[in-house]
Amino acid sequence: MNRKYRKTIIAGNWKMNKTPAQTKKMFEELKAKVGKQKWCDVVLCVPFVDIPAACKASRDAKIAVAAQNMHFEESGAYTGEVSAEMLSELGVKYVIIGHSERREYYGETDKTVNLKVKKALEAGLRPIICVGETLEQREFDVTAEHIAMQVKIALNDVPAEKMRKIVFAYEPIWAIGTGKTATAEQAAEVCGHIRAVIRAKYGARIARAVTIQYGGSMNAKNASELLAQSDVDGGLIGGASLKTEDFAAIINAANQ
Ligand code: 13P
């Protein structure tokens with residue numbers, strides 16, 4: 001974290017978990033536990049159908065609601081898809097773009113990520129752009145090249161004045177849902193690299209203001225060490241965001 005230059009953001013990614021009733025319950029529990037956070041913003045990325053319940057329950061809490069995906073077109077014949085404008089009208093503030101599960105199972109590419117980022121910004125949503133390498137890429141020592149390519153393509157044609165809306169999440173694919181967390185040094189190295197790629201394109205002033213999260217088996221035990229790294233500005237948390245106690249503990253770690 002570096003509280004002087006950028007906001008710490010703790011975001012839970014529920015993936016395909018919880019019904020609207022379960023959403024209401026967890027927001028209420030969380031509100032009672034965490035109160036108003038001084039040092040970090042709290043975000044919950046919920047399934048589409050849970051968004052109205054989440055927005056309603058978050059009204060008097062400092063918890064922002066996010067979607068987990070969106071389409072890059074404004075409207076049209078895209079059965080089953082949801083647009084940025086639809087999300088924004090419901091009160092959604094952030095949207096995850098290019099999560100590795102979407103890249104792997106639903107054919108998302110760096111190019112569609114870029115189209116979605118631009119459309120999200122147009123609709124006033126803050127994109128949380130996910131990047132990360134496979135275990136094979138790490139073993140072949142091409143992590144830096146792979147991440148640089150993902151970051152550069154995601155930001156293609158994104159103007160400098162929109163960069164304060166952008167959030168990155170470094171999620172090494174080998175660490176997602178596996179219980180294998182990147183070491184604090186590995187997380188710091190790649191988050192620092194993402195910032196360097198942004199710096200090369202937009203300059204130091206803009207780069208130092210971008211929030212870059214770590215994600216991949218982050219939990220109440222390892223959060224403090226990861227967040228102690230100056231380039232790790234928060235977390236995108238899967239499994240540990242599903243239980244109030246666990247998620248609240250991570251939020252508290254970010255507020256120490
Ligand atoms: P886990 O925290 O369950 O490893 O998931 C990380 C993730 O993919 C968040 O988007």
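Leaving ligands, DNA and RNA out of it, rank Phe48, Phe168 by accessible area with a 1.4 Å probe, largest first. Please list the in-between numbers first.
Working: Phe48 75, Phe168 0 Å².
Descending order: Phe48, Phe168.
Full extension of the chain between Gln256 and Leu90 gives 56.5 nm of extra length, using 0.36 nm per residue less the Cα-Cα distance.
For the ranges 204-213, 20-29, what's the packing order if you count other beta-carbon atoms within 10 Å of each residue, average per peptide, and put the highest first? Show your work: numbers first, answer last.
Numbers: 204-213: 18.8, 20-29: 17.1.
Per-residue Cβ counts within 10 Å, averaged per peptide and sorted highest first, yield 204-213, 20-29.
Over the Cα atoms of the chain, the radius of gyration divided by the Kirkwood radius equals 0.93; this is the Rg/Rh ratio. Lys93 exposes around 110 Å² of accessible area when a 1.4 Å probe is run over every protein chain in place.
Centre-to-centre, using Cα atoms only, the range 186-246 and the range 48-111 are separated by 21 Å. Over 22 Å apart at the Cα level, from the set Lys111/Lys201; Lys62/Lys180; Lys18/Lys118; Lys62/Lys221; Lys31/Lys116, are Lys62/Lys180; Lys18/Lys118; Lys62/Lys221; Lys31/Lys116. Given a Förster distance of 25 Å, report the FRET efficiency between Ala144 and Ile206 from their Cβ-Cβ distance, rounded to the nearest 0.05. It comes out at approximately 0.75. Under the criterion of Cα pairs below 8 Å and six or more residues apart, the relative contact order for the range 1-142 equals 19 percent. Applying 1/(1 + (r/R0)^6) with r as the Cβ-Cβ distance of Ala196 and Glu29 and R0 = 35 angstrom yields a FRET efficiency of 0.30.
The mean sequence separation of alpha-carbon pairs under 8 Å and at least six residues apart, normalised by the residue count of the chain, gives a relative contact order of 23 percent.
Quick one: length gained pulling Lys180 to Glu245 fully straight, 0.36 nm per residue minus the C-alpha distance?
Details: separation 65, 0.36 × 65 = 23.40 nm, distance 2.09 nm.
That works out to 21.3 nm of additional length.
Within a straight-line Cα-Cα reach of under 18 Å, Lys36 can be paired with the following aspartates and glutamates, leaving aside sequence neighbours fewer than 8 residues apart in one chain: Glu28, Asp60, Glu245, Asp246. The value of relative contact order for the range 75-126, using C-alpha pairs under 8 Å at least six residues apart, is 48 percent.
Take the alpha carbon atoms of the range 1-130, find their radius of gyration, then divide it by 2.2 N^0.38 Å using N residues; give the quotient. Before the final figure, lay out the partial values.
Working: Rg = 14.9 Å, N = 130, 2.2 N^0.38 = 14.0 Å.
Here the answer is 1.06, to two decimals.
Across the range 129-139, computed HN-Hα scalar couplings (Karplus, 6.51 cos²θ - 1.76 cosθ + 1.60, θ = phi - 60°) run 8, 8, 9, x, 9, 7, 4, 4, 4, 5, 5 Hz from first to last residue, x flagging Gly and Pro.
The values are calculated or read from the model by the stated rules, or taken from the named source; none is laboratory data. Keep in mind that what you see is a predicted model, and the values were worked out from it rather than measured. Heads up, the Cβs are rebuilt from the backbone with ideal geometry, glycines too, and the neighbour counts pull from every protein chain shown. Ligands, DNA and RNA are excluded from the accessible area calculation, which covers all protein heavy atoms including side chains. Shrake-Rupley method; radii C 1.70, N 1.55, O 1.52, S 1.80 Å.
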